[in-house]
Amino acid sequence: MELLITSLIAAIISIPYSLIIPGIERKIQARIQQRIGPPILTPGFWAVLKFYYKKDVEPIAFLSRFYKSLIWLGIFIVLFLLFFSMPSWWNILGWASILGLVGLLKLEESLYVFMGAQSQSFLSTTMPVPDLAKGAKGIGIHREFLEQHSAERAIKMMAVGSLPLYIALLVPFAIAKSAMISEVVRVQNPGFFSLAFSLPSNPILFTVPGFLATIVYFIGYVILLNEKPFSILKAKIDVIEGGVLEYAAKLRAGYYIMRNLLLFVLSSIFVTLFLGIPFDPLKPFYLIFNIILSLIMPIALSILVAFSPILTFRQIYPSAVGLSVLGALALIISILGV
Amino acid sequence: MMERKVVEKEISIGPVHPALIEPYRIRLFVNDEIVEDCEININMAYRGIERLLEGLPVEKALLITERVCGICSNVHTWNSVRVVEAGLRIEVPDRANYIRVLINEIQRIASHLIFFGHAFEVLGHETFAMRSFLLREVFMDLMAYIGGNRVMPAVPVIGGIRPRADLTDSLKRVISERINDFEKKYREYVERILADSMIMSRLTGVGLLSKEDAIKYHATGPNGRASGWNYDIRTLMHEYEPFDFEVIVLNEGDNKARVVQRALEVFECLKIIRQILKNLPEGPIVNRDWIPGKMNYTISYFEAFRGELMHSCALDSQGLIRGYKIRTPTPTNLAAMERACVGDHITDAILTIASCDPCLTCCTRVEVINFDESKTMTVMDIMKKYGRR
């Protein structure tokens, strides 16, 4: 029963809260660009509400029902990511572990592959006549939907791009010498298990491997959210929005909820793993601290986005390799216990 | 027989696409992410300006040429005026020529800044794009002060300039103050771009166009000059003779060179503007001593902001326009853009096209596909002849 109540509270708190974050993000970017920017609630909260009440448009997809269900599946995956990091779930079948987190994150990443493979937007439909302009260089060549190309990019990002994030995620577990989140919190904040509130005595963030892993985690966070400079799978200049292009009305609202929730949840997990302050609906002080500190990553993200161009795979591959090496270094240091 | 490259698939971008500021279509033939071939299809927005000009009185017609393009409106007015002035041998006062050059260089800077805005938007760097539009405001205001309109200043008229556009001392002072302030901010802006390693990694070595290719495909204007081809019609124009300026020529031929070339060209424009403000001669601004009459087919070439611009027409005995033809810089640059894309990633290819600063709606002219029957084929005709895909 406690599990159900805490999960419900977590969902009720996290979804509306996550809808404020994009507004903060956009406001910071606008200020950097010497613009006023939109009101804080507009890009997240009002946008979702607006799309929710729009007339439903059936997406054009190979398997329409499957394509539509991916959004709701995505929201559930992200919610469960948050649940697994919550103390009330720490004793359930070992899901609240590195394996649970990585498994769900991989599922989340693979959603973009499915979405891209399914979507068939109007923007890439074949013309009804052969292309005869300039002697038709490519008559008969398979024409790919922009979203399908985005799906191919999503596979590459799954294989290479997100590797640094997983390496960084391993570091706190290596320091705690356990695969369980509860042990990671115990190493940093033993008082959590006995007191109503205690600040972490030994946060991993302030150790050498923890600091290195934080940098890698942050970049991994950007990659997983498909934000600039790693937004190649939704690069506006070619594949536009990628696989989510066909989502409209309620589905678009759902996509925004999923994306904003991921923005918050990954940040909340960072606070849990690297600062030892978990998202616990039964302990209000920890909850508030976790929520406030969770703003660090989105704020840093918005600054990075404002100053970054989109990178192509020419830059993404070396960046991912470099970050993975840095992450591996942090992991080795943490294992050796230096 | 030409060897056909084996390509995996085609990615077709446009004509309806949020990244395209105009309706055109880019067909990229790719293997994985690498572009093996590129085809740019234009002619999606035909406006019939040449047809519109046919039979109009010459003074009225030349105002319409300004509507060819919103970014380089002045070059079209000025070049159309030059055609008639050359054909009817009309002398233009020096003061008018100076002011024509002034408005042209002001608009050249505004055009280059809009280029930065678009290029950085394509690059995904919103901050630099926004900054560029902010810097451009100075020149939009100056155009409004001089010509009375931010976009269509309509300064040149046959024989000189409109009286409205004559420069007063206070206006000269305002221009001088504004460009001094702009130069300071612009220098910082350019230095920041060049110091940004992420931007440079996207631009350097991408979209290569050799000097040979630039000449072969006739990449005029900044695109040719960024590939080492020293070709600037301003050096041949008598209006530019009094001014000391350098033609910026870079040899790299990549996207970075095309950005840097334009960035440096802006400083040369400022140099010309300063010389105009300093040495503006006194005297009349328009020569009214001419009458419209028969004029043989005359051609005028002009260095527009994007490359070589050609206007040509004839006048009948009543001074009405006959056979007006315009060739904007983009048609000559199109083939070069297609060439420059090859070998790069898809995302880079779009950037390469943007770095060549295309203006496709301006270059769109009527297209007669079936020459034998002298008619334009409809979609139904094409489907009937070639079948449905």
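The values are calculated or read from the model by the stated rules, or taken from the named source; none is laboratory data. As the structure is a prediction and not an experimental result, all values here were calculated from the model. Note that we place each Cβ from the backbone using ideal geometry, even for glycine, and neighbour counts take in every protein chain shown. Surface areas here come from the heavy atoms of the whole protein model, side chains and all, with no ligands, DNA or RNA. Shrake-Rupley method; radii C 1.70, N 1.55, O 1.52, S 1.80 Å.
Within segment B:149-169, name every residue whose backbone N is under 20 Å away from a label modeled 7 Å from Cα of B:D289 along the Cβ vector. Hits in segment B:149-169 for B:D289 at 20 Å: B:157-163.
Mind running the shape call on segment B:120-247? Use the C-alpha gyration tensor, a ≥ b ≥ c as the square roots of the eigenvalues: rounded below 1.5 for a/c, prolate if a/b tops b/c, oblate otherwise. Intermediate values should be presented prior to the final figure.
Numbers: a/c = 2.29, a/b = 1.32, b/c = 1.73.
Judged from the Cα gyration tensor, segment B:120-247 comes out oblate (a/c at least 1.5, b/c at or above a/b).
Please give the net charge around A:T6, taking every other residue with its beta carbon less than 11 angstrom from that of A:T6, where Lys and Arg add +1 and Asp and Glu add -1. Mind showing how you got there, number by number?
Numbers: positive: A:K283; negative: A:E2, A:D280.
In short, -1.
Loop-resident trypsin sites (Lys or Arg not before Pro) (DSSP state other than H, G, I, E or B) in segment B:1-63 with no more than 12 further Cβ atoms inside 10 Å of their Cβ: B:R4, B:K5. Relative to the dominant Cα principal axis of chain A, helix A:146-156 is inclined by about 40°.
Estimated from the Cβ-Cβ distance and a Förster radius of 22 angstrom, the FRET efficiency linking A:F122 and B:E22 is about 0.70. Measuring against 22 Å, Cα to Cα, the residue pairs B:K185/B:K271; A:K50/A:K106; A:K106/A:K228 contain A:K50/A:K106 as the ones spanning a longer distance. Helix A:163-176: angle to the longest alpha-carbon principal axis of chain A, degrees 0 to 90, nearest 10? Compared with the principal axis, the helix lies near 10 degrees. Full extension of the chain segment joining B:K325 with B:I34 gains 100.9 nm, where the gain is 0.36 nm per residue of separation less the Cα-Cα distance. Modelled label positions at B:I299 and A:A248, each set 7 Å beyond Cα in the direction of Cβ, lie 4.9 nm from each other. Per the Kirkwood formula applied to alpha carbons, chain A shows a radius of gyration over Rh ratio, Rg over Rh, of 1.00.
Hey, what's the Kirkwood Rh for segment B:59-160 if you take every pair of different alpha carbons, in angstrom?
Values: mean 1/r = 0.0696 Å⁻¹.
The answer is 14.4 Å.
Using a Gaussian network model of chain B whose springs link C-alpha atoms within less than 10 Å, name the residue from B:S201, B:S132, B:S80 with the highest mean-square fluctuation. Taking springs between Cα atoms under 10 Å, the residue moving most is B:S201. When only alpha carbons of segment B:5-63 are considered, Rg and Dmax amount to 18.3, 56 Å. What longest range of chain B stays clear of loop-exposed GluC sites (Glu not before Pro) (DSSP non-H/G/I/E/B, at most 15 other C-beta within 10 angstrom)? Answer - B:92-245.
May I ask for the distance between the Cα centers of segment B:1-59 and segment B:156-206, given as a whole number of Å? Segment B:1-59 and segment B:156-206 have Cα centres spaced 31 Å from each other. For segment B:143-243, the list of trypsin sites (Lys or Arg not before Pro) that fall in a loop by DSSP and count at most 16 other C-beta atoms within 10 angstrom reads B:R150.
Under the shape rule built on the C-alpha gyration tensor, where the axes satisfy a ≥ b ≥ c, segment B:224-372 is oblate, since a/c reaches at least 1.5 while a/b does not exceed b/c. Between A:L282 and A:L41, the FRET efficiency from the beta-carbon distance, with R0 = 35 Å, is close to 0.75. The residue among A:I303, A:L336, A:I155 whose Cα reaches farthest toward the positive pole of the charge dipole of chain A, with charges on the beta-carbon of Lys, Arg, Asp and Glu, is A:I303.
Across segment A:171-190, the residues whose backbone nitrogen lies under 17 Å from the label position 7 Å along the beta-carbon direction of A:L199 are A:188-190. Quick one: pull the percent of accessible area on chain A belonging to carbon and sulfur, 1.4 Å probe, ligands and nucleic acids left out. Taking all protein chains in place, chain A shows 75 percent carbon and sulfur surface. Largest first and in whole Å, the equivalent-ellipsoid semi-axes of segment B:49-340 read 32, 23, 16, each the square root of five times a Cα gyration tensor eigenvalue. Shape verdict for segment A:228-338, please, from the Cα gyration tensor: rounded (a/c under 1.5), prolate (a/b greater than b/c) or oblate. The shape class here is oblate. Label-to-label distance for A:A179 and B:S317 is 10.0 nm, based on points extended 7 Å past Cα in the beta-carbon direction.
Label-to-label distance for B:T168 and A:V102 is 7.5 nm, based on points extended 7 Å past Cα in the beta-carbon direction.
Calculate, for B:K184 and B:R89, the FRET efficiency according to 1/(1 + (r/R0)^6) with r their C-beta to C-beta distance and R0 30 Å; round to the nearest 0.05.
Details: r = 44 Å, r/R0 = 1.48.
The calculated FRET efficiency here is 0.10.
Count the net charge of all other residues whose Cβ sits under 14 Å from the Cβ of B:Q261, scoring Lys and Arg as +1 and Asp and Glu as -1. Can you show the working numbers first?
Working: positive: B:R108, B:K211, B:R225, B:K256, B:R258, B:R262, B:R306; negative: B:D232, B:E246, B:E252, B:D254, B:E265, B:E268, B:E303, B:D357.
Net charge in that neighbourhood comes out at -1.
Note on chain A: GNM, Cα springs under 10 Å; of A:L79, A:L19, A:L107, the largest mean-square fluctuation is that of A:L107.
Based on the Kirkwood approach, the hydrodynamic radius assigned to the protein assembly as shown is 28.7 Å, with every pair of different Cα atoms included. Of all the options B:A110, B:A257, B:A129, the one that moves most in a Gaussian network model of chain B with Cα springs shorter than 10 angstrom is B:A129. Summing Lys and Arg as +1 and Asp and Glu as -1 over all other residues whose Cβ lies under 14 Å from the Cβ of B:R234 gives a net charge of -4. Give me the angle, in degrees from 0 to 90, between the Cα long axis of helix A:98-118 and the longest principal axis of the Cα atoms of chain A, rounded to the nearest 10. On a 0 to 90 degree scale, this one is about 10.
What you get for segment B:49-340, charging only the Cβ of Lys and Arg (+1) and of Asp and Glu (-1), is a dipole of about 360 debye around the Cα centre.
Normalising the average separation of contacting C-alpha pairs (under 8 angstrom, six or more residues apart) by the number of residues puts the relative contact order of segment A:209-318 at 32 percent. If only the Cβ of Lys and Arg carry +1 and only the Cβ of Asp and Glu carry -1, the dipole of the protein assembly as shown around its Cα centre is close to 1080 debye.
In order along segment B:27-44, the Karplus-derived 3J(HN,Hα) couplings, from 6.51 cos²θ - 1.76 cosθ + 1.60 at θ = phi - 60°, round to 9, 10, 9, 10, 10, 6, 9, 8, 7, 9, 7, 9, 9, 10, 9, 10, 6, 9 Hz, and Gly and Pro are given as x. Restricting the chymotrypsin sites (Phe, Trp or Tyr not before Pro) of segment A:1-89 to loop positions (DSSP other than H, G, I, E, B) with no more than 13 neighbouring Cβ atoms within 10 Å leaves A:Y53, A:F62.
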